[in-house]
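Every number here is computed from the coordinates shown, using simple stated rules; none is lab data. None of these values were measured; they are calculated from a predicted model. In this analysis, Cβ positions are derived from the backbone assuming ideal geometry, glycine residues included, and neighbour counts consider all displayed protein chains.
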Amino acid sequence: MGPFLYRGNNATQEFVQKLDQELIEINNVLAIKRERKVTEEDKKKFAEADTCWICKGKFAIDTEEIERLESKIVSLNEKLEKFNKKSAEYSGIKTTIEKATKAIASEKAKANKVWNHCHITGKFRGSAHRDCNFKLQIEPWKIPIPVVFHNFRSYDSHLVCESVGHSVNAHQIKVIAETFERYKSMKVGQLKYIDSQ
Ligand SMILES: [Zn+2]
């Protein structure tokens, strides 16, 4: 959708409702998963990469770290036996064990190099760890979409606030306020209103 001009009554309501429509369009675009475009140069880059372009870490497993975590789990399991299952200590240790188990899994996954491409253009972005690639995935209907306002903090936020109740997402409003009168940002469902400065 291109620029839209409205002059008339209830302009802020119109604005909020127009944004709801725009959001549907945006999510439709985000939902299209482009096939990866593969060039010879990309293939070469992928094969040669030894670090993840997202976190800059290597595609290698730190075996010492895994051993350290594994022996930590063993000693924590021994410790568990001393505590009552209902005690706070017991659940605390349980949580630490779960975290260590997850850390081992994510360390082991670091050897997996995956092809990271832009789902909108299909272009190769770089080689990445499987987990890093997963974190960057855009989920339509979930990923926050910024709505940038000039002067949102000082005045314009009040205009939007007046009418945001007319949005289909009016039941999901969260405001981050600087003071009672100044709003830093506001989330209405997936839309995140922010100031340009
Ligand atoms: Zn990574």
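Within the range 107-120, is even one residue touching a Gly at 6+ places or on another chain (Cβ under 6 Å) and more than 20 Å from Leu69 (Cβ to Cβ)? Checked the range 107-120: at least one residue is touching a Gly at 6+ places or on another chain (Cβ under 6 Å) and more than 20 Å from Leu69 (Cβ to Cβ). Of all residues in the range 146-181, none satisfies the criterion of being exposed (fewer than 15 other Cβ atoms within 10 Å of the Cβ), in contact with a strand residue (DSSP E or B) (Cβ under 7 Å, 6 or more places away or on another chain) and in contact (Cβ under 8 Å) with a residue 60 or more places away in the chain.
Using the structure shown, decide if Lys18 is more than 21 Å from the chain's Cα centre (by Cα), under 26 Å from Glu139 (Cβ atoms) and more than 16 Å from the ligand (Cβ to nearest atom).
Working: more than 21 Å from the chain's Cα centre (by Cα): yes; under 26 Å from Glu139 (Cβ atoms): yes; more than 16 Å from the ligand (Cβ to nearest atom): yes.
Against the criterion (more than 21 Å from the chain's Cα centre (by Cα), under 26 Å from Glu139 (Cβ atoms) and more than 16 Å from the ligand (Cβ to nearest atom)), Lys18 qualifies.
Starting from the range 11-35, take each residue that is closer than 14 Å to Val147 by Cα and list its partners that are surrounded by fewer than 12 Cβ atoms within 10 Å (Cβ to Cβ) and hydrophobic (A, V, I, L, M, F, W, C), counting only C-beta distances under 8 angstrom and pairs at least six apart or across chains. Once the first residue is closer than 14 Å to Val147 by Cα and sits in the range 11-35, its partners that are surrounded by fewer than 12 Cβ atoms within 10 Å (Cβ to Cβ) and hydrophobic (A, V, I, L, M, F, W, C) give Lys18/Phe4; Gln21/Met1; Glu22/Met1.
Scanning the range 71-109 for residues that are within 17 Å of Ile61 (Cβ to Cβ), without any contact (Cβ under 8 Å) to a residue 24 or more places away in the chain and in contact with a helix residue (DSSP H, G or I) (Cβ under 7 Å, 6 or more places away or on another chain) turns up just one, Ala109.
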